[in-house]
Structure formats: structure tokens, C-alpha cells
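Inspection log for the structure reproduced underneath, given as C-alpha cells.
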Amino acid sequence: MVTIRKTIQAFLIALTALLAAGPLQASQAYDFGDPTPEEEWMRFLMNRARANPEAEADRFGLINAHPDAVPAGAYDVGEGITLGGLEDQRDYWSRYQGPRQPLAWSASLCAAARHHAHDMHRYNNFSHTTTRSSYDYPRGARPWDRAVLEGYTTHYVGENIVCGQPAGYFSAADMHESLFVETDYEGRGHRRNILHSPWREVGVGLYTGDPNDGGWTDLWAIDFGTDAFRGDLSDPYPEVDTAFVTGVAYDDANGDGAYQPGEQMPGLRVWAWGSDRLLAHHADTAAGGGYTIPLLHDDGSDLQTGEPVRVIFFDTVNGRCFQPPGLTAAAGEVRIEDDNEPPVDSFFQQLNLRADAVAADFVDVLAGDATLDGVVGVADLVSLAESYGEGGLTWLHGDFNFDGVVGIADLAQLAEHYGDGAQPVPEPITLALLALGAVAIRRRGGLRPRR
């Protein structure tokens, strides 16, 4: 009698939860371009530098010998750069020492970078200014002009370009070190561009071809941008625009804790939640293993500072997933480092978040675990019941057999594994929850054939 009473109580609790729950909205795929493994490698290295600029300077053996560089080793990232008008350069170098937000992929900036790299090779023009173009860029177009023509939202864009000499293959690692160290370039403008704190998005373009008239084979263009400054740059309170969660999925085959081509994991589905709501967009990792997702709720609103962010990488082929440690939506002051005149020196900005995935950290997914919380239970039945009979949905909606439809076979899998990952559940509760699933399905208009 006690067991039956508990079963009925559990049934009523579950029924209440189901009737109160709204349907899980389907997220939309976000187009961030399709960066190649080499292009992803370049972004990974730049984000490594941005996470710890001083460590990157030490990695490349930079030594700041300027008289102001005391104590020794404290400002090596400032090697070779000074800002006029400062009595003590350490104030300037300190702007480049702290971590800055990771660069997220932008489809528009990727297109602009790739097209300019191709134009530079085809027309033998190693320059930030377009002379001739195969992509309808006007003569004299600058990086910001090309970005806007490709659909970027503002003109706040910068660019690094680099090629290897003599002609031949130079990896992203070679080119990144050249740009960061650049002891032959006065002022170290490329290093400053890599570390510029307001940059939020990036596009990397690599074009490789036969030697052109200048003997170049590999040309790189790297376009940096931010959409946080839509109006006058002197406005101390600009409109705050959308930030992103971004990263790369890779199989760290050599165990060095870093990404490189050959280790990429393309085709993974990446979902993100804020405050237990699925975000408006998801992403599939690109050819290079990278992804970007805007931090937007399904109603189009930005996530608020302090709001929790949950990210899950899902390998649909092997039925495995990885959930990085929890993140928190953040915002803060970013500084235009080379500007020494207030008020145009800092801005309040939403900040990007970073979440990478390594193959060794993936775990098997429980059949029936639609919420990917490690337990097959009521919440999973809610997801399935609300989507029952629908096509074109995902695991999150209850499509556990990947046939594109949430149907009876998926309900059977959930029933078979109900209680997995949690404390043992008496068999009558499983039967009751299956009955609950039938109630929910009938409430939606009856059983429908699988399509």
C-alpha cells in the first residue's frame, strides 16, 4: 500500500511539472563562417596570447631593455613599444599585461580576410589598401571598408597582414610568432593589434597558391573588430551589444595542452544555456574545430552580467558529450590602449567567454537523458512529451535514435533507462511516468505516425 501511495504521489508531482512547463524552443544555427584548421590554429594562438600577454612575451624570449623596465622581466610584453607624453612607460606597458577577452569568429570578418588575402596574392599587392579586387572591393578600400561590405556592423576594424619570405609554407605558429615578436617593425603595431582589448571578433584568411610575381605563395590577413561602438567613439556610454561564447574542440593527440591542425573535432553540436533557458543559437564546430555562439536568449535579449552560462559539446556520431565548468556572463571596462587622452580611453563592454573541449574529457551519454544532466528522469520526459511527433528536432527534444522525429521509439528508450544515473527507482514509478507521457501526448492531439 505504501509503495502504491508513493507511486501515485510521484505521478502527480511529475504531472504538475509537465503541465507547468513550456515547450523547449528550437535554437537556430549560428553562421560564424567555416574556418580551416590552419586559420583556427592562428586564432587559438592569438587567444593564448590574449589570455596571458606577459607569458606569451616570455615564451618568445622577449626582453624589455628600456630604462623604465624595472623590475627586470615585469614588462617584457612592452618590449619595443612606447607612448609619447608619458614620463614613465610602465603605465603604458601595464595596459597590455592583464588578460583580455577571447576573440570570437565572425563570418563577415572571415570573408573580408580571405578575400583580401586572395586579392593580395592575385594582384601582387602586399598592402592594407585594395588596388584591384576579384570581390568588388573598390580601389582604395581599407580593412574597415571591406568588412562593412561583407556585412560587418561597424567600421571599428583593424588588420594584420603577413607572408613568409622566401616563398614557401609557413605555419600559423610561424606567422603568429613573427607578428608578436616583430623586432624589425618599429612600434610593434602587430603585437599591439593582437592584444588590443576592445577587439571581440576576428576573421582569419589564409590564401595559398603558386608563387606570384612577387614570389609569394602564402598570404595571411587577420581582421579584428568589435560591434560595441556603433556611434561616436567619444561617447563614454555606448550601446552595449552582444558578446559570444567561443572556443575549439580538439583531440590533444600529443598531450601538449594546445590545439594544432590534425587534432580538430569538426561537426560537434554545441548548445548553450543561460539561467536554464536554451539560448537562441547553437553551433556546429567548423572544419577547424572552432565555434561561436551569441549570448542571446530566445527572445533576443542579451544575457545579463552575472547570469550563469552552461555549454555542452555533443558528439552525435559516438553518443558522447562534454560539459565544461560553469561560466558566468561578464562585462567590464576595456581600454583603447594607444589613446592617452580622456574620455576616449575606456568603455564598458559585454565580454566574450571561452569554452574549449578536449576529446579525452568526453563521456558517454545516457540514452533518454535529453537534458544532458547525467540522470534520466522527469525533466527528460517533459522534453520528449512536448516535442512528441515533431520532426527536425534534436536530442534535447527527445530524438534519442537520431532519426529526426520524436516518437514512440524514443519514448521506449527513455522508459528503458529511466532512473539511470540516479538512485534506484521502483518499477511502478517507471510505469506511471510512461502513462504520464501518454497523457501529455494525447493532450497535444493524439498519437501521430512517425514521418
Note to self: Please list TRP199, TRP216 from largest to smallest accessible area, probe radius 1.4 Å, with all protein chains kept in place.
What the structure shows: TRP216, TRP199
Check: Got a number for carbon plus sulfur as a percent of segment 30-118's accessible area, 1.4 Å probe?
Finding: 53 percent
Item checked: Simple spin-label estimate for ASP298 and THR316 in nanometres, 7 Å along Cα-Cβ -> 1.8 nm
Check: Hey, any idea what % of segment 368-426's accessible area is carbon plus sulfur with a 1.4 Å probe?
Finding: 57 percent
Item checked: Total formal charge among the other residues, if their Cβ is under 10 angstrom from that of PHE224, Lys/Arg +1 and Asp/Glu -1 -> -2
Next item on the list: Kindly provide the pair-distance distribution of segment 176-321 built from C-alpha pairs, with 10 Å bins from 0 and whole-percent values in order of increasing distance.
Entry: 9, 25, 33, 23, 8, 1
Next item on the list: Using packing as a proxy for protection, rank 128-134, 253-259 so that the peptide with the highest average count of other Cβ atoms within 10 Å comes first.
Entry: 128-134, 253-259
Next item on the list: Quick one: plug the Kirkwood hydrodynamic radius of segment 254-393 (C-alpha pairs) into Stokes-Einstein at 37 °C, 0.692 mPa s, and report D in µm²/s.
Entry: 188 µm²/s
Notebook entry, point to check: In segment 97-170, which chymotrypsin sites (Phe, Trp or Tyr not before Pro) fall in coil by DSSP and have 11 or fewer other Cβ atoms within 10 Å?
Noted result: TYR169
Notebook entry, point to check: So for HIS116, HIS190, what's the accessible-area order with a 1.4 Å probe, most first?
Noted result: HIS190, HIS116
Notebook entry, point to check: Considering segment 345-401, what Rg and Dmax in Å follow from its alpha-carbon atoms?
Noted result: 17.1, 55
Item checked: Global geometry of segment 258-328, whether rounded, prolate or oblate, following the gyration tensor of its Cα atoms and the 1.5 cut on a/c -> prolate
Notebook entry, point to check: For segment 57-183, what are the per-bin percents of Cα-Cα distances with bins 5 Å wide, up to the bin holding the maximum?
Noted result: 2, 9, 15, 16, 15, 15, 13, 10, 5, 1, 0
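The values are calculated or read from the model by the stated rules, or taken from the named source; none is laboratory data. Because the structure is predicted, anything quoted here is derived from the model rather than measured. Cβ atoms come from the backbone with ideal geometry, glycine included; neighbour counts cover every protein chain shown. The protein model used for the area step is the full one, side chains on, heavy atoms only, and it has no ligands, DNA or RNA in it. Shrake-Rupley method; radii C 1.70, N 1.55, O 1.52, S 1.80 Å.
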